[in-house]
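Just below is one structure, and these are the notes that go with it.
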Amino acid sequence: MLERRGEVGSEEASSVSLVELRRVNKIRRDFVANVSHELKTPATSLRLLAESLVDILDEDPEQARYFAEQLKNETERLAQLITDLLDLARLESEEGVQNPAPVDVKSMLMVVLSRLRPAARRKNITFSWKRSGSAALYTVLGDETQLISMFSNLVENAVKYTPPGGRVELMGESDEGEVIVRISDTGIGIPPENLVRIFERFYRVDKARSKETGGTGLGLSIVRHVAENHGGRVTVGSTLGEGSTFTVYLPRGQPRTSAGTPSSPPG
Ligand code: ADP
């Protein structure tokens, strides 16, 4: 049964709904096809690795250890993919923030940086944080778990796509209306023609490299959803070979809820 927008009986409205319905159905079909493909690849690798392991277990323990190691890596990749898919599904179904609470952006970013410091240290990458504006204006109303997941994805990417010895800088700006956080890296950068697509699910600039680093191609879709759930947005600027900057804009007012609560800045 078709949902009719606007006036009942309006032919124009029902044809718009039909177009919209077809579009949504196509997105759903594409998504299922993509998920199946993405799950099939590691599942096939797991089967092949397990078969190879069984074949050589007695004859070549050294090679067997190598296959077992690969088996572990592929299993972790599959688990990460499932975790990201579940996160994304939850974010999409929640449509907004259910129980918004004040979140101190600076403390939250410090939690994110401390979690990712070991990974940065392994590549000799330094972190820094700078802020302009009054500390009192660094509070947003939102879901801290979602926000941590958004910033973790951005900082993790910055570390992943920056060669050893580089820098990842976080810069905050804030006024009555919004908190802005920029995450800049001195990494490999993103070609201009790919910039518009990187927030799409499963989109990677370099599939082979992303596989090497354990990427699922879902991180930036999660980022975009969290920003939108909070009534904000995320933009990207990049220069190939020099680095990238992702900028998150978070309004200080009430985030979107399923009930559509009106806006009022916290404290
Ligand atoms: P992935 O799991 O592959 O990292 P994401 O959705 O997080 O997936 O990112 C999509 C693609 O965008 C990545 O595969 C990578 O090509 C590119 N990308 C994301 N962040 C950066 C960055 N800071 N520097 C360079 N490329 C990036």
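The values are calculated or read from the model by the stated rules, or taken from the named source; none is laboratory data. Nothing here was measured: the structure is a model prediction, and the numbers come from that model. Every residue, glycine among them, receives a Cβ derived from its backbone with ideal geometry; neighbour counts consider all protein chains shown.
Condition first: in contact with a strand residue (DSSP E or B) (Cβ under 7 Å, 6 or more places away or on another chain) and surrounded by fewer than 18 Cβ atoms within 10 Å (Cβ to Cβ). Can you find one or more residues in the range 195-208 that meet it? The answer is yes; a qualifying residue exists.
Of the residues that make up the range 140-150, is at least one at pLDDT 90 or above and in a loop (DSSP other than H, G, I, E, B)? Within the range 140-150, one or more residues are at pLDDT 90 or above and in a loop (DSSP other than H, G, I, E, B).
Reported count of residues in the range 151-170, each being within 15 Å of residue 247 (Cβ to Cβ) and either buried (at least 19 other Cβ atoms within 10 Å of the Cβ) or at pLDDT below 95 (or both), is 8. Residue count for the range 127-139 under the criterion of being small (Gly, Ala, Ser) and part of a loop (DSSP other than H, G, I, E, B): the result is 3. Filtering the range 170-189 to residues that are part of a strand (DSSP E or B) and within 16 Å of the ligand (Cβ to nearest atom) leaves 170, 171, 181, 182, 183, 184, 185.
Any idea how many residues of the range 128-164 are within 11 Å of residue 179 (Cα to Cα) and either free of Cβ contacts under 8 Å to residues at least 24 places away in the same chain or within 16 Å of the ligand (Cβ to nearest atom) (or both)? Number satisfying all stated conditions: 0. When we screen 167, 224, 233, 197 for residues that are within 15 Å of the chain's Cα centre (by Cα), more than 10 Å from the ligand (Cβ to nearest atom) and not hydrophobic (A, V, I, L, M, F, W, C), the only hit is 233.
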